[in-house]
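The values are calculated or read from the model by the stated rules, or taken from the named source; none is laboratory data. Note that the structure is a prediction, hence the values are computed from the model and not measured. Cβ: placed from backbone, ideal geometry, glycine included. Neighbour counts: every protein chain shown. Just the protein is used for accessible areas: all its heavy atoms, side chains included, with ligands, DNA and RNA removed. Shrake-Rupley method; radii C 1.70, N 1.55, O 1.52, S 1.80 Å.
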Amino acid sequence: MHRSLFASTTIALAAIIGTISSIIPVQAQQAAQPTFATTKIADNVYMFRYQGHQAMFVVTPQGVIATDPISENRPAAEAYLAEIRKITQAPIRYVVYSHSHADHIAGGKPFKDAGATFVAHRLAKEAIARMNRPDIVPVDETVDDKRTISLGGTDLELIYVGKNHSDNTLVMRLPRERILFTVDFVPVESVHFSNMPDSYLPDFEESVKRVLALEWDRMIPGHGRIGTKQDVQNLITYMQELSAEVKKAADAGKCPDAAKAEVKLPKYASWANYERYLPGNIERYCTYWTKGQ
């Protein structure tokens, strides 16, 4: 009887320990990846992450240049502003929109209330005006091909490299720090999102090549880890190889369904979202090779 009770107690304790052991790694992982965080990239350059979205901000003695509020369906902007205030009490001078897609630019009102001037590409201003969304702060000043914001001894270049993930994306370059900020169209070790919505081919590849040609060492992306020039070259190669394989499928009359089932690029199987989004990438290139758009 006592032996039976001891055995039952031992089994129960083992079950509890096993449950705790299975929970600890999850809790540790959650602790290692909080909802939001700020990372110092250079003396005056920071990356703010909220869940899977990222923005860059630059601190100068005369004020702060921030980028994308990333607050659509997430309370990121107040956290973003609070993170900046942990570093500096300097005024928020500018917010620069990377492009017109709402998941990156919605929710900027706290920055506007702080006195920021909102800047975007001219075509982004037009797109945002058409959207007419109360959660997106309208654009105050625009950029065509290039503009440099000079503030507190820091220069931030706003550069239009052509059509890609949108027709109005700006690349932001800090020439002294040799840091680049790009959003959505240059993923790092990841295939493009889904079926590459709102994308322009073949302009897309050319714009990525223009990014590669700029002078920089580190790239802060809108999602994922810090990138290098080799990462950008790898993306160009991926796009070229995918385009070539899909063209063969299109010429054989296999677009889109058979192509999505048959076209594989195993050398990129380790990239993020390979299984999830490769069929969509194939579908996008099928549309280009069969319809020219």
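Below is a table of values for the structure above.
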{"item": "Globularity ratio of segment 120-251, using Cα Rg and 2.2 N^0.38 Å", "result": "1.12"}
{"item": "Estimated [θ] at 222 nm from DSSP helical runs (n ≥ 4, -39500 (n - 2.57)) normalised by residues in the chain, nearest 500", "result": "-13000 deg cm²/dmol"}
{"item": "In Å, descending, principal axis extents of the Cα set of the chain", "result": "85, 62, 37"}
{"item": "Segment 82-140 - accessible surface per residue (Å², probe 1.4 Å)", "result": "44"}
{"item": "Spatial separation of Cα centroids for segment 239-293 and segment 100-152, in angstrom", "result": "34"}
{"item": "Cα-derived Rg over Rh, computed across segment 59-158 with Rh taken as Kirkwood radius", "result": "0.95"}
{"item": "Trypsin sites (Lys or Arg not before Pro) restricted to DSSP loop in segment 174-257 with at most 16 other C-beta within 10 Å", "result": "176, 178, 225"}
{"item": "Share antiparallel - DSSP beta bridges, the chain, percent rounded to 5", "result": "65"}
{"item": "Antiparallel DSSP beta bridges within segment 111-250, percent to nearest 5", "result": "65"}
{"item": "Dipole magnitude (debye, nearest 20) for segment 176-293, charges at Cβ of Lys, Arg, Asp, Glu", "result": "120"}
{"item": "Residues whose placed amide H lies under 5 Å from that of residue 72, excluding near-sequence neighbours", "result": "106"}
{"item": "46, 80, 94, reordered so the largest accessible area comes first (probe 1.4 Å)", "result": "94, 46, 80"}
{"item": "All lysines inside 24 Å of residue 146 as judged from Cα atoms, apart from same-chain residues fewer than 8 positions distant", "result": "112, 125, 163, 209, 229"}
